[in-house]
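Peer 1: Below are the structure tokens for one structure; questions will follow.
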Amino acid sequence: MNHSSNAHPWQMFSPLNLAYLAEMYEVYQRDPQAVSPTLRSFFQQFGAPPLEVVVTYGRAYGFREVAGAVALARAIRAYGHRSARLDPLGSPPPGDPFLLPEAHGITDEHLRALPPEVIGGVLAEGAPDAYTVIQRMREVYQQTLGFEFEHLADAEERAWWEEAVESRRYAPPNDPIDEMALLHRLTEVGALERFLHRAFPGHIRFSLEGLGMMIPMLDELIGAAAEAGTRYIMLGMAHRGRLNVLAHILGKPYEQVIAEFLGVYQSPGVSCSGSSDEGWTGDVKYHLGARRAFKGGEQVSVEVYLAPNPSHLEWVNPVVEGMTRACGERRHRAGAPEQDEHISLAVLIHGDAAFPAQGIVAETLNLYRLPGYRTGGTIHLIANNQIGFTTLPQYGRSTDYASDLALGFDLPVIHVNADDPEACLTAVRLAHAYRERFLKDVVIDLVGYRRWGHNENDEPTFTQPHLYELIQAHPTVRELWVKRLVQKGLVTQEQADRLLQESIERLHALRRKVADEVDLHLRKTLAGLEAGGERGGLGSLEAEEGIQTAVEPSLLHQLNDEITRLPEGFHLHPKLGRPFARRRDALSKDGRIDWAHAEILAFASILAEGTPIRLTGQDVTRGTFSQRHLVLHDVRTGEAYNILQHLPSARASFEVWDSPLSEAAVLGFEYGYSVQENTQGETFMTVYLPASTDAFFYAEKLLSPPSHCNPAPAKGGGDERSASKSVTPAPARNLLYT
């Protein structure tokens with residue numbers, strides 16, 4: 001506001017500000033203490049804002065009408081999803097009374113009398129009045145896309161979503177798509193499902209029918225990621241649609257899919273539906289720009305890996321996150337690993353019944369901001385069948401949406417009707433753009449249906465006869481897309497039908513070919529060999545013979561000097577002075593080494609050999625019993641000092657992280673990290689220590705000390721229960737527990 005001696009103060013405010021002040025004046029009238037002292041003083045001096053405000057158009061508008069128009073616009077952004085047409089089967093949306101003008105004390109006539117600037121934003125550009133702006137907002141927020149982003153804590157994120165959604169810059173035709181290429185892709189997806197249904201009746205495949213747009217959405221996501229510089233995509237999913245993803249995203253040959261259904265090409269414990277397969281890697285060649293209507297551009301390679309998922313549902317989630325973190329870190333230098341959060345991307349496909357119901361989902365979501373576990377944002381896609389086996393949503397969750405769990409983690413959610421291909425591609429474009437901009441998770445709720453039962457042997461009409469009457473009469477997404485292209489004159493119905501029939505006939509020809517060449521497809525059984533090498537089994541609990549773990553005394557002395565050397569000016573906690581002094585002298589003639597000292601020496605020797613180490617768990621930096629102290633804190637400045645990240649002899653990275661109070665997701669994360677690291681061809685060590693581990697080892701020390709250890713009391717090192725032990729220097733590395 002700009003005061004002048006001759007102007008009444010109300011004339012200095014814009015209509016929007018006056019509307020806000022009018023609302024605040026009503027609050028002031030009810031309770032003067034409920035407004036700020038500044039406003040209270042202002043109202044005491046000047047009274048109520050005027051009932052009408054004069055704008056530059058020379059017309060008078062009531063502040064209540066202005067406030068109502070602004071409130072309506074805000075309601076559409078926040079609650080428009082409740083009136084969006086998200087269900088392909090046509091069930092009416094719940095709606096919300098705040099989406100009506102009357103709820104804000106205005107009418108359509110009031111909106112037509114107000115200028116578009118009252119609402120503002122990109123949708124106000126070129127609009128004749130506020131009514132037109134509101135209608136444009138309804139087209140964005142209340143059709144086949146629904147958005148939840150008004151709850152986000154970061155104002156910059158909310159502003160990004162508002163501009164990105166309302167400008168439609170990620171939606172066709174502003175961001176065009178190749179309509180005929182999409183038809184061909186939907187044809188491939190549908191042809192495989194129809195072929196398997198006819199050629200192998202009664203075989204379980206967990207059909208994707210009803211969510212067929214998932215494959216083009218993944219195509220779009222891979223293309224967008226490739227253009228952004230991502231080179232590794234880690235994909236985790238349950239059973240629904242897995243076979244189609246294997247064939248069309250990761251390039252699993254049709255011949256192999258058919259051979260597995262014929263029962264002549266199959267790994268033990270792996271169903272032909274692929275619902276519990278060993279995993280699959282696809283080296284996807286992508287021409288930059290090929291996902292849009294224009295062609296050309298540099299070819300890049302994107303490695304897409306579908307993680308094995310023997311759990312059938314959501315337990316693969318943290319494993320994929322760990323794999324993604326491993327792909328994004330470089331560990332060949334001393335110090336902390338170097339992380340590039342753009343080079344790898346996690347994509348998790350969830351079930352609509354499992355996402356709110358399985359605790360591992362919440363545990364995994366909790367990792368996304370934690371510095372020891374963040375991966376730069378995950379794309380979550382809920383394959384929403386609107387049913388879990390035979391259980392309808394109202395019996396399976398206490399939330400309105402399957403995605404509502406994500407709101408508590410400050411994540412945006414995009415709801416989209418799976419029968420609108422353009423909306424589906426817009427959703428995945430927005431999701432990826434947000435992830436790249438803010439490096440946060442984002443959720444797409446892909447609302448479709450399940451054409452068959454939970455599996456193809458299940459009879460769904462036993463429990464949902466009316467629902468499946470609707471589904472059987474409902475056209476596929478490909479049929480709906482063909483109808484749109486026919487109306488636009490891009491293809492005839494006859495051409496589209498022939499395209500589908502030819503695709504199905506090619507698959508039948510491959511089936512005949514595979515059946516005639518059965519012997520070519522037989523392979524050696526893999527049972528028991530995956531984990532134990534040639535001997536099979538799960539390996540041995542005993543130490544492998546022939547591995548040298550001893551360390552030369554001279555190296556131990558050098559490492560001991562390095563781990564007890566603190567930076568100049570560092571103020572060590574007074575209670576740690578004596579323990580660290582004892583460590584410095586531990587390798588003298590009469591010195592003794594306690595367990596924690598032996599552990600850090602072992603870590604140091606491994607780093608000196610060039611092997612990276614990742615150590616995580618509950619309170620591992622200090623140790624449950626104040627025994628470890630891998631990270632010291634300056635008592636004056638609070639600055640942290642990671643001892644092993646400043647080890648002069650180290651030739652590889654070291655990281656140690658206190659984990660959240662979650663032993664399931666964290667364990668899965670570390671498993672995924674170590675598995676992926678092994679595939680990179682590097683020697684690597686990862687250790688996960690839950691809080692109970694230190695207690696286990698404390699109990700073990702009390703009950704059965706090793707023959708080479710002599711009990712020694714802990715002095716000045718914290719809890720007396722962390723009774724120390726003395727060990728001989730050479731076998732220190734044997735004390736590591738994994």
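Peer 1: Suppose the filter is farther than 30 Å from ASP458 by Cα, small (Gly, Ala, Ser) and either crowded, with 24+ Cβ neighbours inside 10 Å or touching a residue at least 12 places away in the same chain (Cβ under 8 Å) (or both); does ALA423 pass it?
Peer 2: It is true that ALA423 is farther than 30 Å from ASP458 by Cα, small (Gly, Ala, Ser) and either crowded, with 24+ Cβ neighbours inside 10 Å or touching a residue at least 12 places away in the same chain (Cβ under 8 Å) (or both).
Peer 1: Taking region 593-626, which residues are charged (D, E, K, R), buried (at least 19 other Cβ atoms within 10 Å of the Cβ) and more than 23 Å from PRO660 (Cα to Cα)?
Peer 2: ASP594
Peer 1: Scan (1) among the small types (Gly, Ala, Ser); (2) modelled with pLDDT of 95 or more; (3) in contact with a strand residue (DSSP E or B) (Cβ under 9 Å, 6 or more places away or on another chain) for the single condition GLY408 breaks and write down its number.
Peer 2: (3)
Peer 1: Kindly provide the set of residues from region 296-340 that are within 30 Å of ILE643 (Cα to Cα), open to solvent by 30 Å² or more (accessible area, probe 1.4 Å) and part of a loop (DSSP other than H, G, I, E, B), ordered by number.
Peer 2: Those that are within 30 Å of ILE643 (Cα to Cα), open to solvent by 30 Å² or more (accessible area, probe 1.4 Å) and part of a loop (DSSP other than H, G, I, E, B): HIS332, ARG333, ALA334, ALA336, ASP340.
Peer 1: Hey, any hits in region 137-152 for a residue that's open to solvent by 50 Å² or more (accessible area, probe 1.4 Å), on the phi < 0 side of the Ramachandran plot and part of a helix (DSSP H, G or I)?
Peer 2: yes
Peer 1: Find all pairs meeting these conditions: Cβ atoms under 6 angstrom apart; at least six residues apart or on different chains; first residue within region 656-669 and at negative phi; second residue charged (D, E, K, R).
Peer 2: ASP658/ASP619; SER662/GLU363; ALA664/GLU363; ALA665/GLU363; PHE669/GLU321
Peer 1: Only residues in region 81-102 that are more than 22 Å from HIS151 (Cβ to Cβ) and open to solvent by 40 Å² or more (accessible area, probe 1.4 Å) count as the first member; pair them with residues that are among the β-branched types (Val, Ile, Thr) and assigned to a loop (DSSP other than H, G, I, E, B), Cβ under 7 angstrom, at least 6 apart or cross-chain, and list the lot.
Peer 2: ARG85/THR144
Peer 1: Quick one: which of ILE215, ILE258, ILE222 is without any contact (Cβ under 8 Å) to a residue 60 or more places away in the chain and either crowded, with 17+ Cβ neighbours inside 10 Å or of a type in the set (Asp, Glu) (or both)?
Peer 2: Answer to the check: ILE215.
Peer 1: What are the pairs with Cβ atoms under 9 angstrom where one residue, in region 461-487, is at pLDDT 90 or above and the other, located anywhere, is among the aromatic types (Phe, Trp, Tyr) and open to solvent by less than 50 Å² (accessible area, probe 1.4 Å)? Sequence gap at least six, or different chains.
Peer 2: Hits for this filter: LEU467/TYR449; LEU470/TYR449; ILE471/TYR449; HIS474/TYR449.
Let's see how each residue does on (1) at pLDDT 95 or above; (2) part of a loop (DSSP other than H, G, I, E, B); (3) over 30 Å from TYR368 (Cα atoms):
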| site | (1), (2), (3) |
| --- | --- |
| ARG578 | no, no, yes |
| ARG582 | no, no, yes |
| ALA598 | no, no, yes |
| ARG622 | no, yes, no |
| PHE625 | no, yes, no |
| LEU632 | yes, no, no |
| ASN678 | no, no, no |
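Peer 1: Given the criteria over 14 Å from LEU576 (Cβ atoms), assigned to a loop (DSSP other than H, G, I, E, B), under 33 Å from the mean Cα position of the chain (by Cα) and free of Cβ contacts under 8 Å to residues at least 24 places away in the same chain, does GLY638 qualify?
Peer 2: Criteria met by GLY638.
Peer 1: Of everything in region 341-372 that's over 24 Å from VAL447 (Cα atoms) and surrounded by 24 or more Cβ atoms within 10 Å (Cβ to Cβ), which residue is farthest from the chain's Cα centre (by Cα)?
Peer 2: Checked region 341-372; the qualifying residue farthest from the chain's Cα centre (by Cα) is SER344.
The values are calculated or read from the model by the stated rules, or taken from the named source; none is laboratory data. Just so it is clear, the structure is predicted and the values come from calculations on it, not from any experiment. Using ideal geometry, Cβ is built from the backbone for each residue, glycine included, and neighbour counts are taken over all protein chains shown. Remember, those area values only see protein heavy atoms, side chains included, never the ligands or the DNA or RNA. Shrake-Rupley method; radii C 1.70, N 1.55, O 1.52, S 1.80 Å.
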